[in-house]
1. When the range 245-265 is examined, which residues are found to be touching a strand residue (DSSP E or B) at 6+ places or on another chain (Cβ under 8 Å) and either in a strand (DSSP E or B) or loosely packed, with under 15 Cβ neighbours inside 10 Å (or both)?
2. From the list 173, 167, pick out the single residue that is under 29 Å from residue 122 (Cβ atoms), assigned by TED's automatic domain parsing to the domain that holds residue 114 and under 16 Å from the mean Cα position of the chain (by Cα).
3. What number of residues within the range 183-195 satisfy the criterion of being surrounded by fewer than 13 Cβ atoms within 10 Å (Cβ to Cβ) and either assigned to a loop (DSSP other than H, G, I, E, B) or in contact with a strand residue (DSSP E or B) (Cβ under 6 Å, 6 or more places away or on another chain) (or both)?
4. Checking the structure you have, find out if any residue of the range 20-42 is surrounded by 15 or more Cβ atoms within 10 Å (Cβ to Cβ), under 21 Å from residue 140 (Cβ atoms) and modelled with pLDDT of 80 or more.
5. Does residue 57 satisfy the criteria of being closer than 24 Å to residue 150 by Cβ and either assigned by TED's automatic domain parsing to the domain that holds residue 153 or at pLDDT 95 or above (or both)?
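The values are calculated or read from the model by the stated rules, or taken from the named source; none is laboratory data. Predicted model only: the values in this text are computed from it and were never measured. We place every Cβ from the backbone using ideal geometry, glycine too, and count neighbours over all the protein chains shown.
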């Protein structure tokens with residue numbers, strides 16, 4: 001659980017992503033903040049190998065890390081974060097999984113996080129949460145404070161401010177914007193608490209896999225499998241207890257097929 005600062009370790013990672021649409025500046029005037037249109041540029045050189053620093057967590061593990069620019073990262077279970085070795089000059093990161101970022105302000109060096117679906121989130125100094133697991137069907141970006149710009153390749157998607165969120169669907173490549181989001185609920189995972197307005201089967205798959213090492217399958221149409229009410233869990237609950245709550249509200253049953261696999265039917 002978060003609480004202590006953990007230093008990262010150096011490993012070799014090879015570049016393979018192309019980022020785009022980096023927003024160059026932040027204008028503050030009359031109490032309102034707006035993003036200034038920036039240059040499109042490549043964050044990572046695909047032709048060369050760079051020794052990226054990698055921080056990661058295992059299943060059921062949540063840790064807090066301090067980056068070289070004094071930004072603080074809380075990394076959720078089963079997640080990987082890569083960042084440029086010269087981070088104070090090149091504040092570029094790549095995320096597999098989920099993390100809460102509290103970014104140290106630096107007007108000269110924008111802070112950009114890229115996910116595997118090529119979404120780039122750019123800030124100067126703010127606090128925001130990104131969930132983008134490789135096996136998940138969507139990427140969710142939520143702003144706790146400050147302002148962020150979100151791009152997909154060279155396409156600008158939106159600029160988000162406090163309590164706003166974007167949900168990007170990886171398959172359809174569509175997105176929706178939410179306002180007045182409960183950021184305490186979104187970031188509750190940093191304290192071992194998971195709140196869902198409507199828990200969908202896909203979210204349950206990610207939760208059980210990342211925190212319990214459980215594989216969840218279904219004989220039902222998963223598009224229709226979700227709770228009709230808000231539910232909340234915590235890390236002290238067993239996996240089968242979470243499944244019992246889910247099925248009681250989603251109208252399904254479950255069974256264990258082997259030590260690490262459950263099936264919904």
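1. Within the range 245-265, the first condition is being touching a strand residue (DSSP E or B) at 6+ places or on another chain (Cβ under 8 Å), and the residues that meet it are 245-247, 249-250, 252-257, 260-265.
Scanning the range 245-265 gives 253, 254, 255, 256, 257, 260, 261, 262, 263, 264, 265.
2. Unique residue meeting the criteria: 167.
3. In the first step, residues of the range 183-195 are kept if they are surrounded by fewer than 13 Cβ atoms within 10 Å (Cβ to Cβ); the result is 184.
With the extra rule that they be either assigned to a loop (DSSP other than H, G, I, E, B) or in contact with a strand residue (DSSP E or B) (Cβ under 6 Å, 6 or more places away or on another chain) (or both), the set shrinks to none.
The qualifying residues number 0.
4. Checking the range 20-42: not a single residue is surrounded by 15 or more Cβ atoms within 10 Å (Cβ to Cβ), under 21 Å from residue 140 (Cβ atoms) and modelled with pLDDT of 80 or more.
5. no
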